[in-house]
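Only one structure is covered here, and it is reproduced in the block below.
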Amino acid sequence: MLLMKLATEEKFAFLQLAQYIAKLDGEYGPKEREVVNEYCTEMGIENVEINIELFDLESILAVFKSAKSQKIAMLSLMVLIHIDDKYGIYEHKVMYNIAQKFHLDERQMHLFSMWGKAGSAIYEQALVFIED
């Protein structure tokens, strides 16, 4: 819903960022894949797998220039982080680094994280409702 507000360049950067975050714990599970696929559908882009060895977090984060785009990216990442009910140390460290680059304080990050938990729970419920 919010990702469609990103500029084209930001959408492709977000896809790379989402895949990177999803793979941080060493397990790119089915729930994470489903969310990333949904994000691609929402953004109207193809889900092309990134090469983790070539991923450069700093250059990807630099694509998000406005505070609005940065917050949209962070909110969407929080849903992805919480979808598998695992918010590990590697994910936490990277999210903290992203927050610093985006000038988001601890309070904002806590609120974004709570929103992400709620969003992932609502997404899971919706999948149950539409099961065949």
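The values are calculated or read from the model by the stated rules, or taken from the named source; none is laboratory data. Given the structure is predicted, the values throughout are model-derived calculations rather than measurements. Cβ atoms come from the backbone with ideal geometry, glycine included; neighbour counts cover every protein chain shown.
Take the residues in the range 1-19 that are under 22 Å from Glu91 (Cβ atoms) and either among the small types (Gly, Ala, Ser) or not in a helix (DSSP H, G or I) (or both); name whichever of them is nearest to the chain's Cα centre (by Cα).
Only one residue tops the list, namely Ala18.
For the subset of the range 52-67 comprising residues that are aliphatic (A, V, I, L, M) and modelled with pLDDT of 95 or more, which member is nearest to Gln100 (Cα to Cα)?
My answer is Leu61.
Could you grab me the full set of residues in the range 35-57 that are touching a residue at least 24 places away in the same chain (Cβ under 8 Å) and more than 12 Å from the chain's Cα centre (by Cα)?
Correct list: Glu42, Met43, Gly44, Ile45, Asn47, Val48, Glu49, Ile50, Ile52, Phe55, Leu57.
Quick check: is even one residue across the range 109-119 surrounded by fewer than 19 Cβ atoms within 10 Å (Cβ to Cβ) and either in contact with a strand residue (DSSP E or B) (Cβ under 9 Å, 6 or more places away or on another chain) or of a type in the set (Asp, Glu) (or both)?
No, every residue in the range 109-119 fails to be surrounded by fewer than 19 Cβ atoms within 10 Å (Cβ to Cβ) and either in contact with a strand residue (DSSP E or B) (Cβ under 9 Å, 6 or more places away or on another chain) or of a type in the set (Asp, Glu) (or both).
Taking Ala99 as the residue in question, decide whether it is part of a helix (DSSP H, G or I), at pLDDT 95 or above and crowded, with 20+ Cβ neighbours inside 10 Å.
no
Restricting to the range 25-59, name every residue that is exposed (fewer than 13 other Cβ atoms within 10 Å of the Cβ), outside any helix (DSSP H, G or I) and charged (D, E, K, R).
If the condition is that a residue be exposed (fewer than 13 other Cβ atoms within 10 Å of the Cβ), outside any helix (DSSP H, G or I) and charged (D, E, K, R), then Glu27, Glu46, Glu49, Asp56 are the ones that fit.
In the range 70-101, how many are in contact with a Leu (Cβ under 6 Å, 6 or more places away or on another chain) and over 26 Å from Pro30 (Cα atoms)?
1
For Ala22, state whether it is within 20 Å of Ser69 (Cα to Cα), touching an Asp or Glu at 6+ places or on another chain (Cβ under 6 Å) and outside any loop (DSSP other than H, G, I, E, B).
It is true that Ala22 is within 20 Å of Ser69 (Cα to Cα), touching an Asp or Glu at 6+ places or on another chain (Cβ under 6 Å) and outside any loop (DSSP other than H, G, I, E, B).
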